[in-house]
Amino acid sequence: MNERDDAGCAALYFDGVHARAQRVRLHVAGDRLEVRGEQVQRALPLADVQWPETTRHGALILRFADGASAEVEDRAGFARLAAAAGVREGLVVRAQNRWSLALGALVALVAVVALLVTQGVPLFSGWLARHTPPALEANLRDAVLALVDSRYLEPSRLSVARRQQIRDALLERLAQAGEGGEPPEILFRGSRIGPNALALPGDAIVLTDELIELAPDFDGVFGVFAHEYGHVRLKHGLRGLYEALSLTMLAGLLFGDYGNVVAAAPVLLTTLGYSRAREREADLEALRLMRAAGRPPEAMARMFEALAGARAEAGRAAPPIAFSSHPPDAERIALFRSAR
């Protein structure tokens, strides 16, 4: 198997019918590949030969149109044979046999994936969020609300009149801040996990009875509402959903099955918190709206202190509900307390 000559190379020939191999030599003569052995004498058109990719290890197998094949282990002889036949390796084959090119390709792939994750996915998700049909947003809102209602919330104990009074007051302050257009839908719920508020896709905001009862003053309620309105206005919910879906699908393309990720959208929305960067964006929106409405930012700082105290008294961390990955309380309190 290791003998070599300039006229061809040694091989094991399989006729495609019998399992027994026959020792042969392969030669290129014009536009034909000649197979010569004690019991084999044949010439095949080069067009009927399927040439293998060159690898560093293992046998190289030439396959013929009639089902026969020839197994070559002499790589130098195979290289001469392929050159005589006019076979040229492609860039991919050359790259996978040179560690420097393979390493370069890996580095390039990592760079492209990193660019997609850090720049491409956020830009694409933002574009999708801005162009999502209202009907789809409404469907997502209903699905998410049904899920959080079943797990974390219960019917509000506030009277209809009291809920309407709060709703009117919040929307009045929003109008004072210069926010025109269709106002968000404001929903009230009781909470099984303490005072909370959350923004839903489709321009809806949920406020819990416990949050209303805890607030030191109504300006604090407006501050929390303005924060959630910031999430709604900037479409953080949809952007976060599309980013999660995009990253999951990208991981699926790179590593395998990504399953029924689209069907899991409502669960993603209720289990993934906003990034701290987006929470800070929403805090800045709340600060802007409070200033524009003529409400003291200090009221939001007092609200954070009340929320922190309620959590400490209950002996629990931030509730495991949608959009709760907030920056540290001290940082947020300092932001609103230092604002003028």
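The values are calculated or read from the model by the stated rules, or taken from the named source; none is laboratory data. Values in this document were obtained by computation on a predicted structure and should not be read as measured data. All Cβ positions, even for glycine, are placed from backbone atoms using ideal geometry, and neighbour counts span all protein chains on display.
Restrict the check to segment 53-75 and report whether at least one residue is assigned to a helix (DSSP H, G or I) and either among the hydroxyl-bearing types (Ser, Thr, Tyr) or at pLDDT below 90 (or both). Yes, segment 53-75 contains at least one residue that is assigned to a helix (DSSP H, G or I) and either among the hydroxyl-bearing types (Ser, Thr, Tyr) or at pLDDT below 90 (or both). Taken over segment 119-159, the criterion of being hydroxyl-bearing (Ser, Thr, Tyr) and either under 17 Å from VAL206 (Cβ atoms) or surrounded by fewer than 15 Cβ atoms within 10 Å (Cβ to Cβ) (or both) is satisfied by SER150, TYR152, SER156, SER159.
Summed over segment 18-52, residues that are part of a loop (DSSP other than H, G, I, E, B) and either of a type outside the set (S, T, N, Q) or surrounded by 17 or more Cβ atoms within 10 Å (Cβ to Cβ) (or both) total 10.
Contact annotation: residue pairs with Cβ atoms under 7 Å, 6 or more positions apart or on different chains, pairing a residue in segment 172-186 that is within 20 Å of LEU198 (Cα to Cα) with a partner that is outside any loop (DSSP other than H, G, I, E, B) and of a type in the set (Lys, Arg), are ILE186/ARG167. Whether any residue in segment 212-224 is of a type in the set (Gly, Ala, Ser), modelled with pLDDT under 90 and either assigned by TED's automatic domain parsing to the domain that holds ILE333 or assigned to a loop (DSSP other than H, G, I, E, B) (or both) is what I want to check. No: segment 212-224 contains no residue that is of a type in the set (Gly, Ala, Ser), modelled with pLDDT under 90 and either assigned by TED's automatic domain parsing to the domain that holds ILE333 or assigned to a loop (DSSP other than H, G, I, E, B) (or both). Got at least one residue in segment 177-185 being within 22 Å of ALA143 (Cα to Cα), out of contact with any Leu (no Cβ under 6 Å at 6 or more places or on another chain) and assigned to a strand (DSSP E or B)? Yes, the conditions are met somewhere in segment 177-185.
Per the listing ARG167, ARG162, ARG192, the residue uniquely surrounded by fewer than 22 Cβ atoms within 10 Å (Cβ to Cβ), farther than 30 Å from PRO122 by Cβ and touching a strand residue (DSSP E or B) at 6+ places or on another chain (Cβ under 6 Å) is ARG167. Against the criterion of being more than 14 Å from GLU34 (Cα to Cα) and either in the same structural domain as SER246 (by TED's automatic domain parsing) or modelled with pLDDT under 85 (or both), LEU115 does not qualify.
Among the residues of segment 150-175, those that are of a type in the set (A, V, I, L, M) and assigned to a helix (DSSP H, G or I) comprise VAL160, ALA161, ILE166, ALA169, LEU170, LEU171, LEU174, ALA175. Determine whether LEU245 is assigned by TED's automatic domain parsing to the domain that holds GLU281, surrounded by 22 or more Cβ atoms within 10 Å (Cβ to Cβ) and either aliphatic (A, V, I, L, M) or not in a loop (DSSP other than H, G, I, E, B) (or both). The answer is no for LEU245.
Kindly establish whether LEU207 is in contact with a helix residue (DSSP H, G or I) (Cβ under 8 Å, 6 or more places away or on another chain) and buried (at least 22 other Cβ atoms within 10 Å of the Cβ). Criteria met by LEU207.
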